[in-house]
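Quick note: the coordinates plus some simple rules give every number you see, no bench work behind them. Just so we're clear, the structure is a prediction, and the values are computed from it rather than from any experiment. Neighbour counts run over all protein chains shown; Cβ positions are idealised from the backbone, glycine included.
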Amino acid sequence: MLGKGEAAGQAHLHKDDDGGEQPSGVVKLISAEGFEFVVDKKAAMVSNTLRNMLTSPGGFSETREGEVRFPEISTPILEKICQYFYWSLHYSSGKETSEFQIEPEITLELMMAANYLDT
Amino acid sequence: MASAASAALLSYLSLSFPLLPHYSPRGTQPHAAAAAASAEKAASLSPLGFRCLRAAAASLAAMAGQERRTIDLEEGWAFMQKGITKLKNILEGKPEPQFSSEDYMMLYTTIYNMCTQKPPHDYSQQLYDKYRESFEEYITSMVLPSLRDKHDEFMLRELVKRWSNHKIMVRWLSRFFFYLDRYFISRRSLTPLEQVGLTCFRDLIYQEIKGQVKGAVIALIDKEREGEQIDRALLKNVLGIFVEIGLGSMECYENDFEDFLLKDTTDYYSLKAQSWILEDSCPDYMIKAEECLKKEKERVGHYLHISSEQKLLEKVQNELLAQYATPLLEKEHSGCFALLRDDKEEDLSRMYRLFSKITRGLEPIANMFKTHVTNEGTALVKQAEDSASNKKPEKKDMVGMQEQVFVWKIIELHDKYVAYVTECFQGHTLFHKALKEAFEVFCNKGVSGSSSAELLATFCDNILKKGCSEKLSDEAIEDALEKVKCVEVFKEFYQTRTKHRKLTWIYSLGTCNINAKFEAKTIELIVTTYQAALLLLFNGSDRLSYSEIVTQLNLSDDDVVRLLHSLSCAKYKILNKEPANRSISPNDVFEFNSKFTDRMRRIKIPLPPVDEKKKVVEDVDKDRRYAIDASIVRIMKSRKVMGHQQLVAECVEQLSRMFKPDFKAIKKRIEDLITRDYLEREKDNANVYRYLA
């Protein structure tokens, strides 16, 4: 049967276990060059990959844990992605639409990053 | 965003298309350009698009001067294995730090890279297989043994814990391996990751252990049935597994658990019923049955799946009630007949409630009800018979009284059992029918020579004429009349008595007592049938116009005028008339006068006397006309020709014995006779008449 330590472990894993929970707070996204982008957790959830991570059982403490490194994503691309997060949140209500501008020269890299992040 | 990006890319890369010249080429990515031009707009890339992606990744990395390192399968898997082991440790409760976001992304990225490498380093298939193997390995090495060495309730608890763990493991691993779901799995229509994980548990654990689990659960349920306390939450969780493991279908729950539960329930209650039917009286048995049904229903609410409710209750009802219906209902001193006899309404209500749920369960009860009522009615008939035949001959005039008593009793009987039908049997048609048929049986029996119908007819007659020995309100009279449908019955009765006479109802001579509720007090009005009919119209509306009254009563204007006059312009103003004068005109409107009052509690409202005299005079005139005609014709026939004056004089003399005719009338009759070709005027002398043959 379960001992005290086990129970604690279980409990920790069970936390945040429903996908619908709204996280408060921020995450830090770090590009290949080391640039740090701090975004709301809600914005980060636009990416399915990040969302899966953030809502997996076993919460992350705000301070140290909430950072993610992307050694393969360059700074301008990561920046664009963060912009996209906020654009998506803003216009997802569907009331008004505006185009998300994508500079042609970054499209390929952006597409790959988008694929990786499932955004 | 992938779709937005690919759309943008498409436009950028349409360099070669003259239609879109305004994109200036930047950078040189010939391979990517040509390939990505075929990328779809959909969120997930097509197979070709995916290949392009892969190629682009390589070329981009090459351009940036970094070769993306190919991850070897062994190496990559070893890394994943570390993560999986960490997860297992956490689940087993070993001291192990939580996954950091770094850990997470690393694991995810490893899979991602291994899946987006160029062949032969695209390890999607291998990773998919290893994913499954991870579960299988963990289950067989850790989970199965822990379950195998436990039994009964302990085993159930372990199972619940292990299932919960398993679900967590599936969730984590499927997220690490998520990239497989997106392209590899969907492209080849393979089983998705989550389902693979759950199926492992089902195939390796559930299938082996389900029999034991089912047995343990049912044992606990039976324990609870015997009154012991059990852990309901545990059962709820265990049964939850049966439902969830069906992966969307209820098959596992139904086949591996519910079927057995139903069988066990049947056996359990069959046994109980066998002893109860012998030991308990009918009401007690029914109370127990009702309690059992209640408990089983609660059971569903506490831990069974809702879909079991209907089937479970049916089994219980079948074993306790349907199987034992006859012995139960026919129990000597406490069965249906006894309950009816002893007026046990609550028990009868319970009986109805219980048996109404069984197919054709109510029929025997309705039959018993019918028999009982018939017996009671027949007993009354016999009673009346006996007292009638026991009477001394000189008291024959008391026969009327006895029969009245008999009819009253019949009415009481009817009232009593109508109440039973409405309340105990909730107005079910089967019971209405039974009551009706019962009454039909004994109403056709005779009492001292007269049929019940005749007695009822006499009864009605008495009511209508004298208002009988007991004071009756109008409602009671109406009820009584309704019950016996007296008009029909009386008609039939009259027909049987006097075959050659025609029965004509003289409505104008009937009287009626009406209770009128005025504001001050209720006064009984004694009125004729017609007046009553008119007053009853005001039950439906407060105000009626003259024309409405005429239409609804369907009487002649003269009659209506008389009626309205008696009610609104005479001594007692039951109705208010607008305008409030003393004559009735077709434009009048009438309203019920709620403010009317009188010091008497009962008043008679007479109709104004018909102007009889006028009528009489009219009639007499008519008769006289014929007499005059006859006389004139007689005279002219014998004389053939006569002057006017002479004719009139002769006529008067002839009729002098009877009456003195009016000269004008005679003249008129002569004119009439001329037009009817009995007489004619002489051509040269208008004053002389000739008889026409």
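Under the 0.36 nm per residue contour assumption, what length would be gained going from the current alpha-carbon distance of B:Ser281 and B:Lys571 to full extension?
The span from B:Ser281 to B:Lys571 would gain 97.5 nm if fully extended.
Can you give the FRET efficiency to the nearest 0.05 for B:His302 and B:Asp152, using r as the Cβ-Cβ distance and R₀ = 25 Å?
The pair B:His302/B:Asp152 has a calculated efficiency of 0.80.
For the pair B:Asp222 and A:Lys28, how long in nm is the line joining their label points, each one 7 Å along Cα→Cβ?
With each label point 7 Å from Cα toward Cβ, the separation is 6.4 nm.
For the pair B:Ser594/B:Met250, report the inter-label distance in nm, with labels modelled 7 Å from Cα in the Cβ direction.
Result: 5.8 nm between the two label points.
In segment B:613-691, what is the volume of the convex hull around the alpha carbon atoms, normalised per residue and reported in Å³?
Once divided by residue count, the hull of segment B:613-691 is 82 Å³.
Between B:Ile526 and B:Glu437, take the C-beta separation as r, use R0 = 41 Å, and let me know the FRET efficiency to the nearest 0.05.
0.55
Applying the Karplus parametrisation 6.51 cos²θ - 1.76 cosθ + 1.60 with θ = phi - 60° to the phi angles of segment B:229-242, what ³J(HN,Hα) value in whole Hz is obtained for each residue in order, glycine and proline being reported as x?
With coefficients 6.51, -1.76 and 1.60, one gets 7, 10, 7, 5, 4, 4, 4, 4, 5, 4, 5, x, 5, 4 Hz.
Among B:Glu102, B:Glu74, which comes first, then next, by fewest other beta-carbon atoms within 10 Å?
Fewest-to-most ranking of B:Glu102, B:Glu74: B:Glu74, B:Glu102.
Checking a compactness column here: for segment B:249-334, what do you get for Rg(Cα) / (2.2 N^0.38 Å), N being the number of residues?
Normalised Cα radius of gyration, segment B:249-334: 1.20.
Cα-based count: Lys pairs in segment B:69-220 below 23 Å, eight or more positions apart or different chains?
Number of lysine pairs found: 24.
Express in nm, to one decimal, how much length is gained between B:Ala580 and B:Glu208 on full extension, taking 0.36 nm for each residue of separation and deducting their alpha carbon distance.
124.1 nm
Filter the trypsin sites (Lys or Arg not before Pro) in segment B:639-691 down to the DSSP loop ones having no more than 13 other Cβ atoms within 10 Å, then list what survives.
Counting only loop positions with at most 13 other Cβ atoms within 10 Å, the trypsin sites (Lys or Arg not before Pro) in segment B:639-691 are B:Lys640, B:Arg657, B:Arg676, B:Lys683.
Listed here are the pairs B:Lys357/B:Lys409; B:Lys315/B:Lys416; B:Lys297/B:Lys433; B:Lys236/B:Lys331; B:Lys331/B:Lys416; which of them are more than 29 Å apart at the Cα?
B:Lys357/B:Lys409; B:Lys315/B:Lys416; B:Lys297/B:Lys433; B:Lys236/B:Lys331
Limiting things to C-alpha atoms, what are the Rg and the maximum Cα-Cα separation (Dmax) for segment B:334-377, in angstroms?
When restricted to Cα atoms, segment B:334-377 yields Rg and Dmax of 10.3, 30 Å.
At a 10 Å Cβ-Cβ cut-off, how would you order B:Glu385, B:Glu228, fewest neighbours first?
Least crowded to most crowded, the residues run B:Glu228, B:Glu385.
Within a Cβ distance under 13 Å of B:Leu563, other residues only, what is the Lys/Arg minus Asp/Glu net charge?
-2
Taking all pairs of distinct Cα atoms, average 1/r, flip it, and tell me the Kirkwood hydrodynamic radius of segment B:69-220 in Å to one decimal place.
The answer is 16.7 Å.
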